[in-house]
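Asker: Encoded as structure tokens, here's the structure I'll be asking about.
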Amino acid sequence: MLRGMSSLRQSWWVVLGVLVTACGGQAKNTKVPELPSGSRGDIAIREQCEGGEARALDANADGRADWRQVYRDGRLRCVQADLNFDGKVDVTRFFASDGESILREEHDFDFDGKVDQITYYENGEAVRRELDTNFDNRIDTWVWCRSNLLERTERDRRHGGRTDTWEFFNQGLIVEARYDENNDGEPDRIEHFENGLLKRIEFARPGGEPIVEEVPPEVAGRPERVLTCDGSPAPGGGSTPASEAPPSGEAPSSSLAPSQPQEVSP
């Protein structure tokens, strides 16, 4: 059971790493993809893709616009990309008033016209992510980061429409995990970690003190690894690697223009 939970956490983050690093661009259809329920971000920023000066580019020279850039007062505020040339926006990137600093990025990984991941940036660094990991159009994972290392997460691991798992990290290494097992909104089991190794578990008792069980090293399983916000290897190789992840802590390039694009009418 204990080893299973550790394996599940690592497997879950490998999946997120693949999702995070899978895509990166813009589209023909100028409609901003549908947002999933459960997002906690400010949706007003999506208005930056409307109005202003729109410039459409044809990335694959098929006569249809695949990339769309929106400028206001001469500064880039929104970029949309159609990565698989199916006429739907797959990635939308929003910029600050300076036209360079990335504020937010939305990805549609399964190309169904609905957003699956939202990343929020501050000072060029990803500080928060929201993910729909099972593509049911509902956010089930919320991630907070600092210096590209996990700080805390909230998850709806049973996909029941409410948070049932809370995890806390120190420099990307888990220190505490709380689980709501009876779906009442309150944690019933709390796992405590030291140096990534499960040390003890608290079980809540209605109207009484929690039951505390010490976990012997021989049954605790392997130590958890340092986890990064983007799924890339942690400094010193402490996290589960993700395929072809971007450099740790580095924001994506602000340029979303295809090579040698052909400008077409928006």
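Asker: Using Cα-only point scatterers and the Debye equation, what is log10 of I(q)/I(0) for segment 71-162 at each q in 0.14, 0.15, 0.17 Å⁻¹, rounded to two decimals?
Answerer: Values, matching the q order: -0.59, -0.67, -0.82.
Asker: Determine the gain in length on full extension of the stretch E194-D62; use 0.36 nm per residue of separation and subtract their C-alpha separation, reporting nm with one decimal.
Answerer: Full extension from E194 to D62 adds 41.9 nm.
Asker: Grab the Cα-Cα distance for R75 and S147, subtract it from 0.36 nm times how many residues apart they are, and report the gain in nm with one decimal.
Answerer: Residue separation times 0.36 nm, minus the Cα-Cα distance, leaves 23.1 nm.
Asker: Would you mind putting 139-148, 161-170, 40-49 in packing order, based on average other-beta-carbon counts within 10 Å, highest first?
Answerer: Details: 139-148: 20.5, 161-170: 17.6, 40-49: 14.5.
Peptide ranking by packing, descending: 139-148, 161-170, 40-49.
Asker: I want to check the label-to-label distance for R138 and E186. Put each point 7 Å from Cα in the C-beta direction and report it in nm to one decimal.
Answerer: Using points 7 Å along Cα→Cβ, the separation is 2.4 nm.
Asker: Going from the alpha-carbon gyration tensor of segment 156-211, what semi-axes, largest first and in whole Å, does one get by taking the root of 5 times each eigenvalue?
Answerer: Sorted largest first and rounded, they come to 20, 17, 7 Å.
None of the figures in this text is laboratory data; all of them are computed from the coordinates on show. Please read these numbers as outputs of a predicted model, since none were measured by experiment. Positions of Cβ are backbone-derived with ideal geometry, glycine not excepted, and every protein chain shown enters the neighbour counts.
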